[in-house]
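Rule-based calculations on the coordinates, nothing more; no lab input. Note that the structure is predicted; figures quoted are calculated from it, not measured. Neighbour counts are summed over all protein chains in view; Cβ atoms, including those assigned to glycine, are modelled from backbone coordinates with ideal geometry.
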Amino acid sequence: MGFGLTTTAYMFKATCELGGEWVVEGVVPYGDLSLSPSSAVLNYGQGVFEGMKAFRTSEGELLVFRPDENAKRCEEGAGRMSMPAVPRDLFRDAVLRTVSANAEYVPPVGMGSLYLRPLLIGTGAILGLGPAPSYTFLVYCSPVASYFKGGQLTPIDLTVEETYHRAAPGGSGSTKCIGNYSPVLKVQLEAKKRGFSDVMYLDAKENKYIEEVSSCNFFCVKGKTISTPSLQGTILPGITRKSICELAAARGFTVEERNVSIDEVMNADECFCTGTAVVVAPVGSVEYKGKTVKFCDGKVGPTSQAMYDELTGIQQGKLPDERGWNVKVPKFPISG
Ligand code: COI
């Protein structure tokens with residue numbers, strides 16, 4: 001099992017008229033939506049999504065990792081995209097009910113996770129450019145395992161993109177809006193044809209500083225210092241990124257959130273990417289201006305390994321959850 005879609009029995013649904021209250025339909029059978037051809041999401045891309053994971057522990061409990069962080073980011077994204085925010089308690093309840101209803105799809109411990117996809121979209125019809133008159137909030141899910149080919153912790157090979165940019169200052173790069181993702185496909189598909197796993201983007205102003213990889217945040221390691229691009233509005237404020245910064249600092253690393261130049265990356269001891277989908281992905285090599293640098297002989301570096309072990313250990317309930325990141329999923333009856 002990789003990161004393909006395996007549909008499950010149920011999803012969660014709520015709707016809202018612009019200026020009104022959210023109306024909860026609750027857990028409903030997973031299925032297609034009926035949309036007006038002139039819905040705002042189809043015409044103007046008015047929508048944000050989240051990515052989250054639920055895990056099964058060896059005691060058979062189900063845990064969701066940091067759902068309130070996603071609720072907060074979704075709320076901020078709604079503001080950026082002029083959509084009514086999903087109240088944080090509704091967001092959390094929706095996620096927990098979706099996992100509970102689809103409990104049988106959560107893979108056994110160590111075999112993967114249930115990936116959750118909260119989606120807030122402008123579904124109402126509109127022709128002129130403006131906010132949709134109505135909105136739908138959904139949470140659907142799919143059991144998943146490794147995002148990249150080769151399995152978790154298989155080092156990935158990245159190429160640095162110099163022509164296309166993912167985001168620019170003042171744009172929507174820090175919002176998980178649906179329109180941020182398709183523009184990377186052209187570059188990503190080209191890179192994959194050349195044998196790379198993914199693409200690293202540079203800043204749009206100077207073409208010098210790392211932004212992020214198509215689907216994840218980026219870290220580099222030099223000695224006992226771990227550096228990652230700071231949040232200046234053009235990169236996604238990743239929840240795995242934030243968690244890794246905390247875990248690394250607690251392990252005695254100096255964690256620096258700042259501009260990270262591509263030259264610095266080419267001289268790093270080790271690099272890795274983080275994200276809900278990719279977890280912690282060690283970087284085997286980076287290609288830039290025709291030059292390729294290999295890290296750790298193309299093997300998993302010690303810091304990537306340690307960060308992966310600690311993060312997944314907490315998520316799967318194998319290590320103590322000292323920061324209270326996991327939320328236990330109650331057993332809900334299947335109804336709104
Ligand atoms: C995630 O990591 O959850 C994401 O949303 C990235 C996506 C491109 C799979």
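With a point put 7 Å past each Cα toward its Cβ, work out how far ALA250 is from LYS186 in nm, to one decimal.
About 4.3 nm, to one decimal.
How much length would be gained if the chain were fully extended between GLU322 and GLU104, taking 0.36 nm per residue of separation minus their Cα-Cα distance, in nm to one decimal? Mind showing how you got there, number by number?
Values: separation 218, 0.36 × 218 = 78.48 nm, distance 2.78 nm.
Working it through step by step, the gained length comes to 75.7 nm.
Checking the a/c ratio against 1.5 first, then a/b against b/c, what shape does the Cα gyration tensor give for region 90-224?
Cα axes put region 90-224 in the oblate bin.
For the chain, take the longest principal axis of its alpha carbons; what is the angle in degrees between that and the long axis of helix 239-250, to the nearest 10 within 0 to 90?
Taking Cα atoms only, the helix is inclined about 50 degrees.
At 0.36 nm per residue, minus the direct Cα-Cα distance, what do ARG80 and ASP263 gain on full extension? Give it in nm, one decimal, please.
Numbers: separation 183, 0.36 × 183 = 65.88 nm, distance 3.31 nm.
Here the answer is 62.6 nm.
Beyond a 21 Å Cα-Cα separation, which of these cross-linked pairs lie in this structure: LYS242/LYS289; LYS176/LYS291; LYS205/LYS289; LYS224/LYS289; LYS222/LYS294? Don't skip to the end; give the middle numbers.
Working: LYS242/LYS289 30 Å; LYS176/LYS291 32 Å; LYS205/LYS289 18 Å; LYS224/LYS289 28 Å; LYS222/LYS294 14 Å.
Distance filter (> 21 Å) returns LYS242/LYS289; LYS176/LYS291; LYS224/LYS289.
Expected output is a single nm value to one decimal: the length gained when fully extending between LEU5 and LYS224, i.e. 0.36 nm times separation in residues minus the C-alpha distance. What is it?
Working: separation 219, 0.36 × 219 = 78.84 nm, distance 3.86 nm.
Contour length minus Cα-Cα distance gives 75.0 nm.
Within 10 Å of each candidate Cβ there may be at most 16 other Cβ atoms; applying that plus a DSSP loop requirement, which trypsin sites (Lys or Arg not before Pro) in region 274-334 survive? Each step should come with its number before you reach the end.
On the way: sites: LYS289, LYS291, LYS294, LYS299, LYS318, ARG323, LYS328, LYS331; in loops: LYS289, LYS299, LYS318, ARG323, LYS331.
For trypsin sites (Lys or Arg not before Pro) across region 274-334 that sit outside H, G, I, E and B with at most 16 neighbouring Cβ atoms in 10 Å, the list reads LYS289, LYS299, LYS318, ARG323, LYS331.
Viscosity 1.306 mPa s, temperature 10 °C: give me the Stokes-Einstein translational D for the chain in µm²/s, with Rh taken as the Kirkwood radius over C-alpha pairs.
Numbers: Rh = 20.6 Å.
The Stokes-Einstein estimate is 77 µm²/s.
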